[in-house]
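K.L.:
Quick one: the structure is below, and I'll ask about it shortly.
The values are calculated or read from the model by the stated rules, or taken from the named source; none is laboratory data. On a predicted model such as this, the values are computed, not experimentally measured, just so you know. All Cβ positions, glycine included, derive from the backbone under ideal geometry; neighbour counts span all protein chains shown.
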Amino acid sequence: MAEANLAQCEERVLAATEERQEEIIDLACRLIRTPTENMPPGGQEGAGQQVLHQFLTDSGIKAQFLDLDKVEGLTQHEAYLPGRDYSGRPNLIARLPGRGGGRSLLLSGHMDTMPVGTNPWQHEPLGAQIEQGRIYGRGAWDMKGALAAMAMSLAVLDDSGARLGGDLLFESVVDEEHAGCNGTLASRLAGHNAEGVIIGEPSSFRLFPAHRGFRIAHISLKGTAAMSLSGEEIANPVEDIGRLIEGMKEFRRLRRQTAPIGPLYADYPDPVPVWLPKLQAGEFTLHVPMQIPEECKLEVYWQTMAGETRESVERQFLDFLDELCQREPALDRDSVEVQWHQRWMPGTQIPPDHPLVTTLRECAAQVLEEAVAVVGGPFPCDLFIFNLYANTPGVILGPRGENAHAADEFVYAADLVTLVKIYCLMAMRWCGVE
Ligand SMILES: [Zn+2]
């Protein structure tokens, strides 16, 4: 298509998006009002997938469900996380077929949300209340706002009469939270792939061509459960755990020195965090008599960079622990037990000058009328499935908001309209337009 016509076509699509802003926000609100909590081993995503399916079908776009239990090779795959139940919670996949001759693009998001949590909300958690331009609700930012924008992008493009060269695909996957990713993996194995993917995770209009991975270790310090009734001295793991906690500060320093921190994370104050989210020992209540506890457990969560392997990450941690125990008389390595918790999540990255990133950056900058930052994503997510297991370059771009996984989560309503414009522009430039 000639330059002038292409520009006209883009203008038409942007104007059409503007006209449908209420519809975009309404779709996001309907998704937020539909509970889709991920509760391993099960989840409630089915109802949300129905809302999207209905919207796409009403818009004249073919959408199909993908039953994870019917995907060949899924449960045998090395990235599959076992122990999940997928009855009544399929993936949803839609495709806007291109005329051929262009690259295909996939818009991908997850339908599941974290639980509402125990912290008090000022807004109804599933109410989708709109206040001062913010849509409040669990999943609003992470990531039903983006899901609505993605589905709407297909509808706007289809309506506009602009025929794309390559196919434009959209998927709403299940079970991404809680380090899931089985839904994302299932779609890849079932062949719903493209030559590039955009994931709408909350990125506040920055582009993330990378995300960090993580590992969780539970370290138990063992003692003997006892009550010193005859006056003997008893080793108490609670008293010795302090050495381990101090040791983890050293582990943090070691990580900063040794992890392959690339330029995308260079400006992060803490590029490879090591956190201690939980400490647990003993119990002493009216119903449980006081005693020296048998064990004290420290949970350690640390993030990893693209290129680090499960083996190298675990080895480094165990070597560090061995060395710490050798120089700390209070820590006997034989009474320190390490258990790996949850799955290994690798970090991942594509080159920041990849055409997928540079093209999307141009589209976003044009719509936002300002430069767009390209940095590493702070949170682990399902992007690695595309890069490592489907040979598909991927990048994260989503709206602004706050409080993902916390009380009073919200997304900016106007950002969803902006997002549709960016996704549509990108589809036209990446896939080509006739
Ligand atoms: Zn998410």
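K.L.:
Output the residues belonging to the range 180-203 that are in contact with a helix residue (DSSP H, G or I) (Cβ under 8 Å, 6 or more places away or on another chain) and within 16 Å of the ligand (Cβ to nearest atom).
P.N.:
Cys181, Asn182, Gly183, Thr184, Leu185, Val197, Ile198, Ile199, Gly200, Glu201, Pro202
K.L.:
Another question, if that's okay. Can you pull out the residues in the range 310-334 that are over 17 Å from Ala259 (Cα atoms) and of a type in the set (Asp, Glu)?
P.N.:
Across the range 310-334, the qualifying residues are Asp322, Glu323, Glu328, Asp332, Asp334.
K.L.:
Pull up the range 160-179, narrow it to residues that are within 12 Å of the ligand (Cβ to nearest atom) and in a loop (DSSP other than H, G, I, E, B), then point me to the one that is farthest from Glu37 (Cα to Cα).
P.N.:
Here the answer is Ala179.
K.L.:
Just to verify a result, which residue in the range 3-32, among those that are hydrophobic (A, V, I, L, M, F, W, C) and more than 17 Å from Lys144 (Cβ to Cβ), is surrounded by the most Cβ atoms within 10 Å (Cβ to Cβ)?
P.N.:
The qualifying residue surrounded by the most Cβ atoms within 10 Å (Cβ to Cβ) is Val13.
K.L.:
Now a separate question. For the range 378-396, what are the residues that are away from the ligand (no atom under 13 Å from the Cβ) and not in a helix (DSSP H, G or I)?
P.N.:
Those that are away from the ligand (no atom under 13 Å from the Cβ) and not in a helix (DSSP H, G or I): Ala390, Asn391, Thr392, Pro393, Gly394, Val395.
K.L.:
Going residue by residue through the range 46-63, is there one that turns out to be part of a helix (DSSP H, G or I), crowded, with 21+ Cβ neighbours inside 10 Å and without any contact (Cβ under 8 Å) to a residue 60 or more places away in the chain?
P.N.:
For the range 46-63, residues part of a helix (DSSP H, G or I), crowded, with 21+ Cβ neighbours inside 10 Å and without any contact (Cβ under 8 Å) to a residue 60 or more places away in the chain: present.
K.L.:
Taking the range 118-156 on its own, how many of its residues are among the acidic types (Asp, Glu) and without any contact (Cβ under 8 Å) to a residue 60 or more places away in the chain?
P.N.:
Selection size over the range 118-156: 2.
K.L.:
Just to be sure, is Asn387 free of Cβ contacts under 8 Å to residues at least 40 places away in the same chain and in the same structural domain as Thr359 (by TED's automatic domain parsing)?
P.N.:
In short, yes.
K.L.:
Now a separate question. Could you give every pair whose Cβ atoms fall below 6 Å, whose first residue belongs to the range 195-222 and is under 13 Å from Phe386 (Cβ atoms), and whose second residue is assigned to a loop (DSSP other than H, G, I, E, B) and of a type outside the set (A, V, I, L, M, F, W, C), counting only separations of at least 6 or pairs across chains?
P.N.:
Going by the 6 Å Cβ cut-off, the qualifying pairs are Glu195/Arg103; Glu195/Ser104; Gly196/Pro393; Val197/Thr392; Glu201/Gly398; Pro209/Pro352; Ala210/Gly376; His211/Pro380.
K.L.:
So Lys144 passes all but one of these: (1) under 20 Å from the mean Cα position of the chain (by Cα); (2) more than 16 Å from the ligand (Cβ to nearest atom); (3) of a type in the set (Lys, Arg). Which condition number does it fail?
P.N.:
Of the numbered conditions (1) under 20 Å from the mean Cα position of the chain (by Cα); (2) more than 16 Å from the ligand (Cβ to nearest atom); (3) of a type in the set (Lys, Arg), the odd one out for Lys144 is (2).
K.L.:
Now for a different question. Can you find a residue that is touching a Cys at 6+ places or on another chain (Cβ under 6 Å), within 27 Å of Gly223 (Cβ to Cβ) and outside any helix (DSSP H, G or I) anywhere in the range 272-288?
P.N.:
yes
K.L.:
Residue check, His178 against (1) at pLDDT 95 or above; (2) within 30 Å of His53 (Cα to Cα); (3) surrounded by fewer than 18 Cβ atoms within 10 Å (Cβ to Cβ), all met but one. Which one?
P.N.:
(1)
K.L.:
If you don't mind, there's one more thing I want to ask. May I ask you to list the residues in the range 275-309 that are of a type in the set (A, V, I, L, M) and more than 30 Å from Ile261 (Cα to Cα)?
P.N.:
Listed by number, the residues that qualify are Ala281, Leu286, Val288, Met290, Ile292.
K.L.:
Got a sec? Which of Val374, Val357, Val338 is farther than 14 Å from Val395 by Cα, more than 16 Å from the ligand (Cβ to nearest atom), among the aliphatic types (A, V, I, L, M) and at pLDDT 95 or above?
P.N.:
Selected residue: Val338, the only one of Val374, Val357, Val338 that is farther than 14 Å from Val395 by Cα, more than 16 Å from the ligand (Cβ to nearest atom), among the aliphatic types (A, V, I, L, M) and at pLDDT 95 or above.
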